[in-house]
1. Only one of these conditions is not met by B:I150: (1) touching a residue at least 24 places away in the same chain (Cβ under 8 Å); (2) within 13 Å of chain A (Cβ to nearest Cβ); (3) under 30 Å from B:A23 (Cβ atoms); (4) not in a loop (DSSP other than H, G, I, E, B). Which number is it?
2. Given B:V155, B:V185, B:V120, B:V200, which one is within 14 Å of another protein chain (Cβ to nearest Cβ), hydrophobic (A, V, I, L, M, F, W, C) and in a loop (DSSP other than H, G, I, E, B)?
3. Find the residue count for the stretch A:11-29, including only residues that are open to solvent by 10 Å² or more (accessible area, probe 1.4 Å) and facing chain B (nearest Cβ under 10 Å).
4. Condition first: part of a helix (DSSP H, G or I) and open to solvent by 50 Å² or more (accessible area, probe 1.4 Å). Now tell me which residues in the stretch B:308-321 satisfy that.
5. Which one is nearest to B:A201 (Cα to Cα) among residues in the stretch B:137-163 that are aromatic (F, W, Y) and open to solvent by 30 Å² or more (accessible area, probe 1.4 Å)?
6. Checking B:Y92 against (1) within 15 Å of the chain's Cα centre (by Cα); (2) in contact (Cβ under 8 Å) with a residue 60 or more places away in the chain, which test does it fail?
7. Hey, does the stretch A:37-45 have a residue that's open to solvent by less than 20 Å² (accessible area, probe 1.4 Å), under 27 Å from B:L236 (Cα atoms) and β-branched (V, I, T)?
8. Please indicate, with yes or no, whether at least one residue in the stretch B:290-307 is closer than 18 Å to A:C12 by Cβ and either more than 14 Å from chain A (Cβ to nearest Cβ) or crowded, with 24+ Cβ neighbours inside 10 Å (or both).
Amino acid sequence: MIIVEENKCDFCGTCVAVCPVDAIELFEAQIDILHDRCIDCDLCVWICPIEVLHTVENEATLA
Amino acid sequence: MKDEYDVIVVGGGPAGSMAAKFAAEGGASVLMLEKDRDIGMPVRCGEAVGADGLARFLEPNDKWIASKINSFRLVSPSGLIVDIEGLSDGGYVLDRRIFDYELALMAGNAGASIMTKAYVYDLIKDGDSIKGVKLKYLNEKVEFRSKIIIAADGVESRVGRWAGIKTTIKIKDMESAIQISVGNVDCKSNRLDFYLGSEVAPGGYLWVFPKGENYANIGLGVAGNHNKSKSARKYLDDFMEKNYPEASILTTVVGGVPCAHTLPKIAADNIMIAGDAAHMVNPVSGGGIVSGMQGGRLAGTRAAEAVRAGDYSYKFLTKYEKDWHKLLGKSYERMYKIKSAVSKLTDDDLNRTAEIISSLPQSKRTLGRVFKTALLKHPKLLFDVVRAFASV
């Protein structure tokens, strides 16, 4: 699954623009990955100018 | 405040403001919605623009011109410097915070209502038919109905998607970009500097755009397919460490630049898309300020005509698509081919071209002369590239 380090994110929306399945929602300083829609294509991870998106095995990996 | 308008514009950037202005001037009731607290902030932009393009919309004003440009510097991968001076039609580095305010004021003075901190999260639909927008405003959910929506909601556009128009950008056509505004740097206040090469910015370029004495926007874009192995931030960090280790960083912004074709479909029943959201960006230079303003103007103008005719169908609005194609879309198709060709040039190609140009005496190094000389090496190609930049 894909996770966002929100405290590093600039909320620029570049990931939203390349997401092929509209699975990223961005509102002011809040960004959400809609995991039920996400197809783990990783395009958002590649495009992020500052590497705040990551692929992890499961959410616990981040902690 | 009313709850129904003829035209709702989503997004308060240059495209949105011009759409709102021209729709209002055409007699429509208009509401423009901006998601951020402030029009023009944050500034996700290099801020360079051609003087000619802007002059069609407003008189130049020192309050939003940070510096006036009449020369370029190209730095080849090997470090060879090529200066091109005396550009006939120069340009500006803007202060977008003030500039975007100015554009929004033009919309307001034409009669458009404006709301900031208004985040559109969905469309109101009756079956498949678009009837307005749903938004969050000061923590409240609000709805506004309209006959036409103009989606000028930027590179991260979602309004178009909700209307069933595919706005996703292919990763190879997206430039992953980062920019810092820095002080204590040696830059010339009348010159734009471009650094090229696979070590600096593969599939893109690095810019040093002066905003005053020792004050500049330094940024770069890396083609999306290159960003995977090394991010834009790392490229910029490396460049700064090597070239400007003493710089003081006032702000950092990041973002994506859609260097793609204009979307094939930018209108549907009750909706038009404009600006970055429609990929109205010069694919070679990544410049999109004037493009977005032009797109917004065309969309706003057509929206007002639709209101007067009482016809909001795609059949009526498609003239907007044709107008855009004729004005800029067609030439951007050609630019896209050039971009594809340029992306195949090796560092050696770029170095050899720079050598040829720099063999000319400075006094003869006008843009025209550079074109002619570059022709020897890359017929047509470089000519178009430099022209693309000259008309950002």
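1. It fails just one condition, (2).
2. Answer to the check: B:V155.
3. Summing the residues that are open to solvent by 10 Å² or more (accessible area, probe 1.4 Å) and facing chain B (nearest Cβ under 10 Å) in the stretch A:11-29 gives 11.
4. B:R308, B:A309, B:Y314, B:K315, B:K319
5. B:W162
6. B:Y92 satisfies every listed condition except (2).
7. no
8. yes
The values are calculated or read from the model by the stated rules, or taken from the named source; none is laboratory data. The structure displayed is predicted, hence computed values, not measured ones. In this analysis, Cβ positions are derived from the backbone assuming ideal geometry, glycine residues included, and neighbour counts consider all displayed protein chains. Remember, those area values only see protein heavy atoms, side chains included, never the ligands or the DNA or RNA. Shrake-Rupley method; radii C 1.70, N 1.55, O 1.52, S 1.80 Å.
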